[in-house]
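Q: Sharing a structure below in structure tokens format, with a few things to ask.
The values are calculated or read from the model by the stated rules, or taken from the named source; none is laboratory data. Remember, predicted model here, so these are calculated numbers, not experimental data. Cβ sites come from the backbone with ideal geometry, for glycine too, and all protein chains shown count toward neighbours. Areas reflect the complete protein model, heavy atoms only, side chains present, ligands, DNA and RNA absent. Shrake-Rupley method; radii C 1.70, N 1.55, O 1.52, S 1.80 Å.
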Amino acid sequence: MGRLVRVPTNETQRLLAVRSLNAIHSSPTPELSVLAELARGVFGTPYAAINIIDEDWQRIAGQAGLEIAECSRDMSICTRVVFDDELLVIPDLAEDTELMVAPFVVEDPRFRFYAGAPVRLENGQPVGAFCILDQSPRRFSPSEEQSLLRFAQIASALLCLQKTNLLMGIAENGLRTAAMTDPLTRFFNRSALDAVVDGALSAAVAADRNFGVLYLDMDGFKSINDRFGHNVGDEILCEAAARIRSVIRTDDIVVRMGGDEFAIFVPAPPDRNALVSLSERLLMAFRAPFTVDGVSIFARLSIGAALAPNDGATRMLLLRNVDAALYQAKAAGRDRVAVFNAIDS
């Protein structure tokens, strides 16, 4: 889209406020979607939404009417509202010198009208905008402007309430999270399989989405413990955890299954090739030697890969099949990945 207003001087503080909403930015929130539907009816527009503007993207916290995808914040009119921290009304987008050539103006859904009001947290920082859009130009009366500002105030109050509930939930779940964390690597331990992985896998299967798993085993780790001692082994495991973190995505779930074995659960990979690509990056990360007290020690990986739901719609079946793939990788010479194939099993 066209050039937007300059980034405000308080952008660092504003982004800190946005990050405090990290649990609700990833998908539309039911209460905010209901509020957007109410606004759509009040203003008689085909679309209304509450959008959050983060470092790079416009995130949809709630929307009603037309289904609009999230987009770069440089493509979002709501970014103007947030950066200027004031109501913005554009009666005819086709007459705006920057927006008249925007894809959403010249192509479907061919919007012509925009109005947006800032949505703020309790510290006054604007984190997003409550916007309505129409496919016809229109005038926006002072009373309608006040109504939109009130909708934005209600959305702000809902976001503040959700943030408070989030913080309370974090405090309540602190001990449970600690109990699921491996103290050495800071990854999940096996107790997270029930508490975290099963829910994510079930949700993926119910939504007909892929859910990948990689099973990692460090080649020759037992001999390292035998030769150098468990203290050195622990240092290598800590460094191994750092190497894994350097490769995976933030949404990936890593579980230390025990000893030198790790399982990485990968939400929504497009296909098996994505698992192979991730495995190749992991293999490369482990081909460099580990250095402990000036001694170079090699501990490479063997990796098995499987993809739910085709390779198992339950955690037990998926882990059994990925373990079979890991065995194939070891039998084929180690330092490689093998993808589960039901025909070979």
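Q: Name the residue farthest towards the positive end of the dipole of the chain from the options Met284, Ala331, Thr9, assuming +1 on Cβ of Lys and Arg, -1 on Cβ of Asp and Glu, about the Cα centre.
A: The one lying farthest along the dipole's positive direction is Ala331.
Q: Next question. Order these peptides, 284-293, 334-343, 206-215, by their mean beta-carbon neighbour count within 10 angstrom, highest first. List each step's numbers first, then the result.
A: On the way: 284-293: 14.5, 334-343: 17.0, 206-215: 19.3.
Per-residue Cβ counts within 10 Å, averaged per peptide and sorted highest first, yield 206-215, 334-343, 284-293.
Q: Then there's this: Go through Cys78, Cys71 and list them by solvent-accessible area, largest first, probe radius 1.4 Å.
A: Cys71, Cys78
Q: Under unit Cβ charges (Lys, Arg +1; Asp, Glu -1), what dipole magnitude, rounded to 20 debye, does the range 1-153 have relative to its Cα centre?
A: For this selection, approximately 180 debye.
Q: Tell me, what is the Rg over Rh of the range 10-172, with Rh the Kirkwood radius over Cα pairs?
A: 0.96
Q: Rank these by accessible area, largest first, 1.4 Å probe: Lys222, Lys330. Walk me through the intermediate numbers first.
A: Details: Lys222 145, Lys330 55 Å².
Highest to lowest solvent-accessible surface, that is Lys222, Lys330.
Q: Treating the angle as unsigned and between 0 and 90°, give the value, to the nearest 10°, between the Cα long axis of helix 230-247 and the longest Cα principal axis of the chain.
A: Rounded to the nearest ten degrees, it is 30.
Q: While we're here: List, largest first, the extents of the alpha carbons of the range 191-339 along their principal axes, each in whole Å.
A: Per principal axis, max minus min of the Cα coordinates gives 50, 31, 23 Å.
Q: Let me see the pair-distance distribution of the chain: every alpha carbon pair, 20 Å bin width, integer percents in order.
A: Histogram of Cα-Cα distances, whole percents per bin: 26, 42, 28, 4.
Q: Same structure, new question: Evaluate the charge dipole of the chain about its Cα centre and quote only its size in Debye, nearest 20, assuming +1 on the Cβ of each Lys and Arg and -1 on the Cβ of each Asp and Glu.
A: Working: 34 positive and 44 negative charges, 92 e Å.
Charge dipole, the chain, about its Cα centre: 440 debye, nearest 20.
Q: Here's a follow-up. Taking all protein chains together and a probe of 1.4 Å, list Ile303, Ile154 from the most accessible to the least accessible.
A: Descending order: Ile154, Ile303.
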